Each structure stands twice: as C-alpha cells, then as structure tokens.
Amino acid sequence: MSVTDHPELPDADLGSYDFWGRPAAERDEYFAALRAQAPLSRHEPPEDLLGMPDQERAPYWAIVRFEDIRRISRDPATFCSSQGVQFQDAPPELLEASQSFLAMDAPRHSKLRGLVSAAFTPRQVARIEDGIRVSARRIVQEAAPTGGGDFVELIAKRLPQETISEMLGVPAADRAQVTEWADLLVAASDPEFFGERSPLEVLGGALFSLTGYIAELAEHRRQRPSDDLLTALVQSEVDGERLTTAEISAFIVLLSVAGNDTSRHTTSHAMRALTLHPGQRRPLLEDPDARLADAVEEFVRWATPVLTFRRTTTRAVQLHGRTLSAGEKVVLFYHSGNRDERAIEDPWRFDVTRSPNHHLGFGGGGPHYCLGASLARTQLRAIFSELLAQIPDLEAGEPELLRSGFIHGVKRMPCEFRARG
C-alpha cells in the first residue's frame, strides 16, 4: 500500500531532508501513525543530494514495527545487503570505498567480517577495558574544572575517538583530523557541513582524504608491523589472497565511522535523558556497579544512534498481506521499532532499570548485527561511571541535532555543572 492510500496520516515525506530536520516529536508522531495504520507503506525515492540519475532511483517500502525489522534482519537470503544498505542512493564508487562488508552477503561478508570480528569479541574487549576506563577517568577529570561547555566536545566524542584510534594504530597527532573526515561522511546531508559546496563535493573530498591517509598508514604497517588492527588487516588473507589497499581502506573507513558514532551519540542522548528524567539518575548514583549494565541498554534503545538501513528483496515475499516482488527496496526504521508499543512495554518511558531490554539499537540481529556492540557497551559503562562519580550534577541542555536520515547525531549540546578541581 502507498501512503496515498492513507489520507488520514499526517503529511510527511520520510525521504525528504526537511522531514529529518523537523523536531523529533513531529517525526515520532508520524512513525506512530505508520505503526498503527500502515505498518508496510510504499514511498517515493528519497530526496537526492548527490546527483544520481533518475532511472537508478526507485521507491521503497518503510518497515516501522519491531518484529518486522527483526524478521528482515535475520533473513539475509530474502532481504540482501549487497544491493545497497543506505536509505539514500549514492554513486557506486563512494559506496565501494566506504561500506566494506556492511554491503555484502555471504560468503564474502562472512569471510571479511571474520577478519576483524576477533578484535571486537567480548573477551577481546575485556582485554582493553582497563585502558578504556583510564581514558574515561582522564576525560572527565579534564572536563571537571570547566564548569560546562559543549558536552559533545568536552565528553561525548573523546572516548570513542581515542578507543578506535588506539585499536587501529592512528597516531595521536592525526586523530582529530581522521575523526573530522569520518564525521563528514555521515553529515553531508546537513547544510551546516556543505555550505556553499555541493554535498557530493563534501562527501567525496572527505572520503578521498580519509582513504588516502589510510592507504599511507597501511603501507607503513607493511614495512613496520605493529600490534594493532591495521597490521592484522594488511597481513590477512581471504581465499588465499591478501586484501587490497582499497579493501583495507573501506574496512577502516567503516570502522572509523561506526566506531565513533554509536557510543558518541548515545552518550549525548543519554545525558540529555538523565537531565529530563532526574529520577532515573538517582538509582545510578546510589549503586552504579549494579545498575549501569541495564542502564546502558536503555541508553542505546532511547538514543537509537543508527536510524536506518536498507535491504533489497531477492525473491517474492509476503508482508502484511502484500506481495513484494524481487528487487524491491525496504528501509528498516530502527528508532520506530524501538518505540513500538506492540513489542516494548511503555516504550516512551525512559527507564534505566528496564530488564529485559530487547532493543534494536545495535540492529535487528542476524549476520549484520553491530560488530562493535561489546565495545560500545564497555565505553558507555566507563564514561557514565566516571560522570556519575566525578560530575554527578551535570545538566545537559537542548541538543542541536544533525539533519540526517541515517545517524541520530548530536552536533552540539550545552551542559553545566559545578566546577571541580
């Protein structure tokens, strides 16, 4: 069914950047209406900012309920990733240089993901947890005397940036620049970041700079191996062949973006939620060791840092009484799924004691479940443990959100607290 079959729905275009620039409450109202009245709805192609040919742009089906997102995520034979995973269409050369195994299916996906998965298992993350805790403590200690500022710059972006840079072996002097390039890859739809230039120019420039830097660093690791993930990649083989520099670069681009965004934006959204719901901070202050594990799951559910991914049908399939043909695009709206009243009790209640908490913040399961979930959980526990201990009175103001249908990003967010130290 098309949204035009439901004139009672609020007027909105999910594929327009205007929609993603609206206040969150307005967007949520529309998704609630879709979940109730049109759980499967067909929409016109999303707005094009990258100059894609009209014949390559196709309508898509919006998937907005929790169980539908889970089902599709866990059925890659019917809903594939190799024909694109981004909501908006983009030139193939940009996708090839940035998405790596994210946009692959088995068996290639399994082999390439396997190369890096060992670095992100709970056991491996536990090995670096002490270092993450030390970094979190230092970051909060350095912020404490300021009395406030931009929470994103002071706190939220720093721990993910340091952690992923350490894992990849990015020198300290280069980390801010690498993060800036990675940020532009998910911010090119926001007018603040493209200004007078075209979004394609901004996106292409950031990707060219980042892949060029990674290629140089990879060559350096071939000559001088180190104990880091990049060295492991340049020394790895798939089907008896070494990875090409382009494949390694795509890997690292993906990790640079994904390794920063989940923890960074969840930290900001969660801090804002704790400010708006002070009663939820109380149990964390009373017993952080016992409460933080459950709280982190609620932080991720509440934030849902990744808003959308796309799949493509490989064969005819039935959904909500309708037959989708092979080759149809379906877009998974994770934030809507995490607010689905059918699957989550009182989903609009922010509850740090919610347990069990089967959310979609790391995806819907299946082969593309978030590789860095254990790492993100460890970082979130570490940074909030230090915030609660060192700056328990931190209050976060209204966040300024990224205009994006992909990342639920916080560009900046004021905060204040009593200066210490």
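Residue check: residue 33 meets all listed conditions (1) under 25 Å from residue 186 (Cα atoms); (2) more than 20 Å from the chain's Cα centre (by Cα); (3) not acidic (Asp, Glu) but one, namely (1).
Against the condition open to solvent by less than 10 Å² (accessible area, probe 1.4 Å), in contact with a helix residue (DSSP H, G or I) (Cβ under 6 Å, 6 or more places away or on another chain) and modelled with pLDDT under 95, how does residue 364 come out, does it pass?
Yes, satisfied.
Restricting attention to the range 334-361, the residues being under 26 Å from residue 287 (Cα atoms) and assigned to a loop (DSSP other than H, G, I, E, B) number 16.
Assessment of the range 42-52 against the conditions (of a type outside the set (Val, Ile, Thr), under 21 Å from residue 402 (Cβ atoms) and under 19 Å from the mean Cα position of the chain (by Cα)) yields no matching residue.
Cβ-Cβ contacts under 7 Å between residues 6 or more apart (or on different chains), taken from a first residue in the range 408-421 that is under 12 Å from residue 154 (Cβ atoms) to a second residue that is in a loop (DSSP other than H, G, I, E, B) and open to solvent by less than 10 Å² (accessible area, probe 1.4 Å), are listed as 415/394; 417/391; 417/394.
In the range 49-60 there is no residue that is under 22 Å from residue 370 (Cα atoms) and open to solvent by 40 Å² or more (accessible area, probe 1.4 Å).
The residues of the range 211-233 that are over 12 Å from residue 168 (Cβ atoms), assigned to a helix (DSSP H, G or I) and either in contact with a helix residue (DSSP H, G or I) (Cβ under 6 Å, 6 or more places away or on another chain) or among the acidic types (Asp, Glu) (or both), listed by number, are 211, 215, 216, 219, 222. Identify all residues within the range 109-123 that are in contact (Cβ under 8 Å) with a residue 12 or more places away in the chain and surrounded by fewer than 17 Cβ atoms within 10 Å (Cβ to Cβ); write none if there are none. Selection gives 110, 111, 117, 121, 122.
The lone criterion from (1) within 17 Å of the chain's Cα centre (by Cα); (2) in contact (Cβ under 8 Å) with a residue 24 or more places away in the chain left unmet by residue 230 is number (1).
Any residue at all in the range 366-376 that's assigned to a helix (DSSP H, G or I), farther than 27 Å from residue 23 by Cβ and small (Gly, Ala, Ser)? Within the range 366-376, one or more residues are assigned to a helix (DSSP H, G or I), farther than 27 Å from residue 23 by Cβ and small (Gly, Ala, Ser). Within the option set 273, 295, 316, 303, being surrounded by fewer than 20 Cβ atoms within 10 Å (Cβ to Cβ), small (Gly, Ala, Ser), modelled with pLDDT of 95 or more and closer than 21 Å to residue 360 by Cβ holds for one residue only, 273. For the range 67-108, a tally of residues being open to solvent by less than 40 Å² (accessible area, probe 1.4 Å), in contact with a Phe, Trp or Tyr (Cβ under 9 Å, 6 or more places away or on another chain), under 21 Å from residue 48 (Cβ atoms) and not aromatic (Phe, Trp, Tyr) returns 3.
The values are calculated or read from the model by the stated rules, or taken from the named source; none is laboratory data. Here the structure is a predicted model, which is why all the values come from computation and not from measurement. Glycine gets a Cβ as well: all are built from the backbone with ideal geometry, and neighbour counts include every protein chain shown. Each accessible area value is taken on the protein alone, full model and side chains, heavy atoms only, with ligands, DNA and RNA left out. Shrake-Rupley method; radii C 1.70, N 1.55, O 1.52, S 1.80 Å.
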